[in-house]
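Asks: One structure, as structure tokens, below. Some questions next.
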Amino acid sequence: MPTRHFLSLLDLSSDELRSLITHAIDVKQKLKRGIRHTPLNGKVLAMIFEKSSTRTRVSFEAGMSQLGGHAMFLSPQSIQLGRGEPIEDSARVISSMVDAIMIRTFGHERVETLAKNSSRPVINGLSDHLHPCQLLADMQTWFELRGDIKGATVTWIGDGNNMCHSYINAAIRFDFNLKVGCPKGYEPDPELSKNAGNRLQIFNTAEEAVQAADLVVTDVFASMGQEQEQQQRLQAFSGFQVSNDLMAKADKDALFMHCLPAHREEEVSTEVLEGEQSVVWQEAENRLHAQKALLELLMA
Ligand code: CP
Ligand code: NVA
């Protein structure tokens, strides 16, 4: 059987994603009840982080231990990859010793090159282009609170970035309507967008995009690697903060999500982030449970 990777949500079918979420909810309950579940006994996950992380690192490391395995943290400063050893060679060597590799990096082609040269599953823990692991947690959170997301209206406010791209892929796989509200010039990748067909609509104001939303989602205006654009982006995104006024234009039962870390009073007001519609802490916790289900699917 060919090695299965998880570089994008599109690497799994709709049925596989739905059963992954059902399993994630089950492993979450097992953990809460203190029931041991160790299908990855003796397995090792190597984690390469070329960018910072709290949630991704803690969830994969804790998740592997809980499943009976081990996770190994590799920073570029501490391995030869950071001194110029090709990613192709690193992939061949690391995958000959472990059972799966997770990578967080800049260009998406680095994730693809790693996968192409790895004999074991590769997981995209965030690239400049996609952040599929976060979507597993977001979808789990929605399913726990509201049931299936098919046919719902989701609004993305802000940058057409890696998270927005993963929402577009989620709209395809889970069959929901996605309305993106972003400033001109910050739209999502048109190549990726066209796969979503008429499930995706793009607006250049937040107010138009948020109408009838069942779920409102945002993310930082400047992602990792764009720090030098912070000031310019703050100006470009004025009018795109998720505030109480904006939430009032969505459906009255709308939920609010954010992958975190959040910049309070930039992309989201403190009131919304800490308010009753916000489910960001449950969403963050679900990184653990959803990725445990993913690790089992790829490694068990
Ligand atoms: N949401 C997310 O991926 O968080 P970290 O950058 O802390 O991993
Ligand atoms: N878009 C953000 C997500 C962080 C989890 C970034 O890439 O920095």
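None of the figures in this text is laboratory data; all of them are computed from the coordinates on show. Please read all numbers here as calculations on a predicted model, not as lab measurements. Here Cβ is always computed from backbone atoms with ideal geometry, including for glycine, and neighbour counts include all displayed protein chains.
Asks: Using R₀ = 22 Å, calculate the FRET efficiency as 1/(1 + (r/R₀)^6) where r is the Cβ-Cβ separation of V58 and T22; round to 0.05.
Replies: Efficiency at R0 = 22 Å is approximately 0.40.
Asks: Please state the Cα pair-distance histogram of the range 47-161 with 5 angstrom bins from zero: what percent is in each bin?
Replies: 2, 10, 18, 21, 18, 12, 9, 6, 3, 1
Asks: Then there is this: Work out how far the C-alpha atoms of the range 42-107 reach from end to end along every principal axis, then list the three figures in whole Å, largest first.
Replies: 34, 26, 19
Asks: Once the dipole of the chain is set up with Lys and Arg at +1 and Asp and Glu at -1 on Cβ about the Cα centre, which of M102, Q282, G225 lies farthest towards its positive end?
Replies: M102
Asks: Positive end of the charge dipole of the chain (Lys, Arg +1 and Asp, Glu -1 on Cβ, about the Cα centre): tell me which of C259, N169, G82 has its Cα farthest that way.
Replies: About the Cα centre, the residue reaching furthest to the positive side is G82.
Asks: Take the Cα atoms of the range 141-228, build their convex hull, and give its volume per residue in Å³.
Replies: 98 Å³
Asks: Another question, then. Would you mind working out the magnitude of the charge dipole of the range 183-300 relative to its Cα centre, with +1 at each Lys and Arg C-beta and -1 at each Asp and Glu C-beta, to the nearest 20 Debye? Show your work: numbers first, answer last.
Replies: Working: 9 positive and 21 negative charges, 62 e Å.
Result for the range 183-300 is approximately 300 debye, rounded to the nearest 20.
Asks: Which whole-Hz couplings ³J(HN,Hα) result when phi for each residue of the range 220-229 is put into the Karplus expression 6.51 cos²θ - 1.76 cosθ + 1.60, θ = phi - 60°, listed in order with x for Gly and Pro?
Replies: The phi angles translate into 4, 6, 10, 7, 4, x, 10, 4, 6, 9 Hz.
Asks: Hey, another quick one. Report the gain in length on full extension from Q235 to N41: 0.36 nm times residue separation, minus Cα-Cα distance, nm rounded to one decimal.
Replies: 64.8 nm
Asks: Kirkwood hydrodynamic radius of the range 216-300 from all distinct Cα pairs, in Å?
Replies: About 14.4 Å, per the Kirkwood formula over Cα pairs.
Asks: Just the number, please: Stokes-Einstein D of the range 159-300 in µm²/s, Kirkwood Rh from C-alpha pairs, 25 °C, 0.890 mPa s.
Replies: Approximately 154 µm²/s, per Stokes-Einstein.
Asks: Right, something else. Step by step: find N for the range 80-233, compute 2.2 N^0.38 Å, then divide the Cα radius of gyration by it. What's the final number?
Replies: So the Cα radius of gyration is 1.17 times the expected 2.2 N^0.38 Å.
Asks: Something else about it: For the range 20-73, which chymotrypsin sites (Phe, Trp or Tyr not before Pro) are in a loop by DSSP, counting at most 10 other Cβ atoms within 10 Å?
Replies: For chymotrypsin sites (Phe, Trp or Tyr not before Pro) across the range 20-73 that sit outside H, G, I, E and B with at most 10 neighbouring Cβ atoms in 10 Å, the list is empty.
Asks: Continuing with this model, one more query. Given the rule -39500 (n - 2.57) for each run of at least 4 DSSP H residues, summed and divided by the residues of the chain, what is its mean residue ellipticity at 222 nm, to the nearest 500 deg cm²/dmol?
Replies: Computed ellipticity for the chain at 222 nm equals -12000 deg cm²/dmol.
Asks: Using only alpha carbons, build the gyration tensor for the chain and give me the equivalent ellipsoid semi-axes, biggest first, whole Å.
Replies: 31, 22, 17
Asks: Can you tell me the order of 289-298, 217-226 when each peptide is scored by its average per-residue count of other Cβ atoms within 10 angstrom, highest first? Numbers along the way, then the final one.
Replies: Values: 289-298: 24.1, 217-226: 20.6.
Taking the mean over residues of other Cβ atoms within 10 Å, the ranking is 289-298, 217-226.
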